[in-house]
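Just below is one structure, and these are the notes that go with it.
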Amino acid sequence: MNEQIHRGLRAAPARPTPTLEDLATAAGVSRSTASRAINGGSRVSPEAQAAVDAAVLSLGYTPNRAARSLVTRRTSSIALVINEPDARVMMDPFFAAVITGVTEALRETDMQLVLLMSRAGGDPSRTVRYLRGGHVDGAIVVSHHKADGWTEELAASGLPTVFIGRPWDADLGIHYVDVDSFQGARLAALHLAATGRTRLGTVTGPLDMTASADRLAGWHAGLREAGLPPGPVAHGDFTPAGGTEAAERLLAEDSGLDGIFAASDLMARGAITAVRASGRSVPGDVAVVGFDDHVSAPGELPLTTINQPMVEMATQAGRLLLADIENPGAGRDPVIYPARLVVRASSAPKAE
């Protein structure tokens, strides 16, 4: 009796996985036509495509990725390249927004996202070799540094590539998405001047990145337009600790400083820490403006900042890359988002 129960509980034989031949038979087409239909090939009539699509659903057919890649010469993967150490990527909401945006662009596709992050002191050429080795169909590059040397190699490789942030060698024809960093920093300078601040300093990001260089240039342009002197400059690294250290140097250089523009929100938060540690208040003694427009944590002073719609920009970069993969070599102009000043409590007008 127990043996009968045991036999009765045995699983039914697994249903064989449908093959391409099964699919072709069910659709009433040849094997080659079925293959072209499921791989998005040309020379398939609408009637045959509809029959294959219906057979895929009825059989529960799943294409063999390895075989598909041999037919299409595609991997159905794209790389997101972030040339920053893991620790910074994990703590900076900028990168979370990038990943969210790129994922959104791929949501309705079969594309998989491969995340490539540099190691501290790593060799950037390893990443380039991987990208050129046929492992991915395209790449999105973010946080590009001048010494990386990727722009020229990727442009020469023919691999569809989109940069988030203007690459140094933009004239090589690499597609990119960016925010108007120059204009954003100019607006920050004009805003601080309009609040009655006259002794202004700035915390830059790493100047081997175009975003940092553009923001510094825009800051100086805004100061000239407002009729103010250049003021002190301290270089940071887009981290809160870097912002604190840089702001400490600014305050040491000019004890009467009454306004600081930091080239990222994380550095602006670090600058607020430095101002308060010096016994001064924000915005009473020193107004602070950032760049990014990240959401403040509960209890934080609301930060005046330049809005950078990072999720939208990353989604646009993903869509551009998909278009480049489908139509390689198509000329496309860069997509530049306008800078927008968002005024909050950290830069309230100076008390008379």
### Task
Of the numbered conditions (1) within 30 Å of the chain's Cα centre (by Cα); (2) at pLDDT below 80; (3) in a helix (DSSP H, G or I); (4) not small (Gly, Ala, Ser), His6 fails exactly one; give the number of that condition.
(1)
### Criterion (at pLDDT 80 or above and part of a helix (DSSP H, G or I)) met by exactly one of Ala24, Ala67
Ala24
### Message
Please count how many residues of segment 285-329 are buried (at least 18 other Cβ atoms within 10 Å of the Cβ) and over 25 Å from Leu113 (Cα atoms).
### Response
11
### Query
Of the numbered conditions (1) closer than 15 Å to Val288 by Cα; (2) surrounded by 21 or more Cβ atoms within 10 Å (Cβ to Cβ), Gly196 satisfies every one except a single condition; which is it?
(2)
### Residues that are over 10 Å from Ala268 (Cβ atoms) and in contact with a Phe, Trp or Tyr (Cβ under 7 Å, 6 or more places away or on another chain), drawn from segment 294-307
Ile306
### Message
For the structure I just gave you, tell me whether Ala246 is touching an Asp or Glu at 6+ places or on another chain (Cβ under 9 Å), over 16 Å from Leu341 (Cβ atoms) and buried (at least 21 other Cβ atoms within 10 Å of the Cβ).
### Response
yes
### Task
Among the numbered conditions (1) of a type outside the set (A, V, I, L, M, F, W, C); (2) in the same structural domain as Arg186 (by TED's automatic domain parsing); (3) surrounded by fewer than 24 Cβ atoms within 10 Å (Cβ to Cβ), tell me where Asp265 comes up short.
(3)
#### Entry: Every residue from segment 152-171 that is closer than 17 Å to Leu320 by Cα and not in a strand (DSSP E or B)
Leu154, Ala155, Gly158, Leu159, Pro160, Gly165, Arg166, Pro167, Ala170
### Query
(1) modelled with pLDDT of 95 or more; (2) crowded, with 17+ Cβ neighbours inside 10 Å; (3) hydrophobic (A, V, I, L, M, F, W, C): which one isn't true of Ala217, the others all being true?
(2)
### Query
Can you pull out the residues in segment 249-303 that are acidic (Asp, Glu) and under 30 Å from the mean Cα position of the chain (by Cα)?
Asp265, Asp292, Asp293, Glu300
### Flag for Ile272 being out of contact with any helix residue (DSSP H, G or I) (no Cβ under 6 Å at 6 or more places or on another chain), buried (at least 19 other Cβ atoms within 10 Å of the Cβ) and either touching a residue at least 12 places away in the same chain (Cβ under 8 Å) or part of a helix (DSSP H, G or I) (or both)
yes
### Task
Report whether or not Arg43 is surrounded by 13 or more Cβ atoms within 10 Å (Cβ to Cβ), closer than 30 Å to Val136 by Cα and at pLDDT 60 or above.
no
### Message
When you check Gly149 against the structure, is it of a type outside the set (A, V, I, L, M, F, W, C), over 16 Å from Ser264 (Cβ atoms) and free of Cβ contacts under 8 Å to residues at least 40 places away in the same chain, yes or no?
### Response
yes
### Task
Please work out which residue is surrounded by the most Cβ atoms within 10 Å (Cβ to Cβ), limiting yourself to segment 330-352 and to residues that are among the small types (Gly, Ala, Ser) and in contact (Cβ under 8 Å) with a residue 12 or more places away in the chain.
Ser347
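To keep it simple, each residue is scored yes or no on (1) within 23 Å of Pro167 (Cβ to Cβ); (2) part of a loop (DSSP other than H, G, I, E, B).
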{"residue": "Val203", "(1), (2)": "no, no"}
{"residue": "Asp208", "(1), (2)": "yes, yes"}
{"residue": "Ala213", "(1), (2)": "yes, no"}
{"residue": "Gly218", "(1), (2)": "yes, no"}
{"residue": "Ala221", "(1), (2)": "yes, no"}
{"residue": "Glu225", "(1), (2)": "no, no"}
{"residue": "Phe238", "(1), (2)": "yes, yes"}
{"residue": "Gly243", "(1), (2)": "no, no"}
{"residue": "Ala246", "(1), (2)": "no, no"}
### Summary
If we keep only residues of segment 220-248 that are among the acidic types (Asp, Glu) and at pLDDT 95 or above, then the residue nearest to the chain's Cα centre (by Cα) is Glu245
#### Entry: Matching residues in segment 251-267 - criterion: being within 19 Å of Leu223 (Cα to Cα) and not polar (S, T, N, Q)
Leu251, Glu253, Asp254, Gly256, Leu257, Asp258, Gly259, Ile260, Phe261, Ala262, Ala263
### Message
Can you tell me which condition Asp324 does not meet? The list is (1) assigned by TED's automatic domain parsing to the domain that holds Leu159; (2) at pLDDT 95 or above, and all the others hold.
### Response
(2)
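The values are calculated or read from the model by the stated rules, or taken from the named source; none is laboratory data. Keep in mind that this is a model prediction, so the values were computed, not measured. Here the Cβ is made from the backbone with ideal geometry for all residues, glycine too, and neighbour counts use every protein chain on show.
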